[in-house]
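The values are calculated or read from the model by the stated rules, or taken from the named source; none is laboratory data. Nothing here was measured: the structure is a model prediction, and the numbers come from that model. Because the Cβ atoms are built from the backbone with ideal geometry, glycine has one as well, and the counts that use them run over all protein chains shown.
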Amino acid sequence: MTDQALRRADDLLTELVEQVETARNLPMSSSCVLPRELVLDLLDELREVLPPEMSEARRVMATRDEIVQQAREDAASARETATAAAEVLMTDARTRADQLVHDAEVRAHELVEAGKAEHARLVSATSVHQAATARAAEIRTEAQEYDQRLRAEADEYRERLVGEAAREAAEVRAEAQRYATKLTADSEDYADRTLAELAETLGRAAATAEQGRVALARRRAPQPGPVDGRTVDARTIAAPAGSIDPWDQPVSA
């Protein structure tokens with residue numbers, strides 16, 4: 001709140017006090033008659049010069065739960081996205097591993113079939129029967145060894161892909177959890193700072209209002225009679241010598 005706004009608020013409070021002090025008393029009563037429109041205008045203008053932080057604080061108080069809820073929803077969405085991405089990675093790894101195993105099986109079958117064909121061709125020639133039999137046995141052995149080797153490599157590759165996919169999924173989930181925690185902490189810090197600023201602003205406004213009440217109480221005190229032929233102000237009697245009326249002092253921002 002600027003010094004100009006504080007001075008304007010002080011002037012409005014002073015005018016309100018003067019309206020109360022100069023108001024016409026009702027007969028047989030301590031009540032008084034005040035000009036309603038003038039007092040309402042003064043109150044409206046006083047409301048306009050109040051610090052805008054009060055309106056902002058009320059808005060933040062009203063939307064605090066929405067801010068925190070939005071942060072939680074964003075965190076949940078991030079976790080769901082990370083989980084879905086991890087599932088996709090693991091599914092892709094399994095698919096690739098299964099494809100490799102299938103390719104190995106097809107290649108092994110082709111080699112076995114080629115060996116059988118070669119064996120049949122060699123066996124058809126009686127002159128090379130023994131050589132054909134030995135060659136066919138070698139081909140079958142090589143095909144079986146190649147098939148076993150391909151199966152072992154495919155299984156190893158599949159396990160490696162599944163392990164990498166699991167690690168990536170865990171990292172994605174951990175990153176999503178950290179992001180969710182940060183969003184929640186940031187939203188709570190923002191609400192706390194706003195509430196602290198509101199408390200400070202309300203404290204300053206309360207101090208200003210309390211000074212106005214003290215000054216109003218002093219001005220409304222019964223006026224003393226003449227002292228030594230002089231009329232003494234009520235504030236002079238109520239306040240000790242050398243003291244300063246807080247109403248007459250500027251209010252710090």
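Annotations for the structure displayed:
- Lone qualifier among E164, E175 - being in a helix (DSSP H, G or I), loosely packed, with under 14 Cβ neighbours inside 10 Å and more than 18 Å from the chain's Cα centre (by Cα): E164
- Cβ-Cβ under 7 Å pairs, at least 6 apart or on other chains, region 1-20 side touching a residue at least 12 places away in the same chain (Cβ under 8 Å), far side of a type in the set (K, R) and assigned to a helix (DSSP H, G or I): M1/R204; V17/R219
- Remark: E105 matches the filter, which requires a residue to be surrounded by 14 or more Cβ atoms within 10 Å (Cβ to Cβ), closer than 30 Å to I139 by Cβ and either touching an Asp or Glu at 6+ places or on another chain (Cβ under 9 Å) or modelled with pLDDT of 85 or more (or both).
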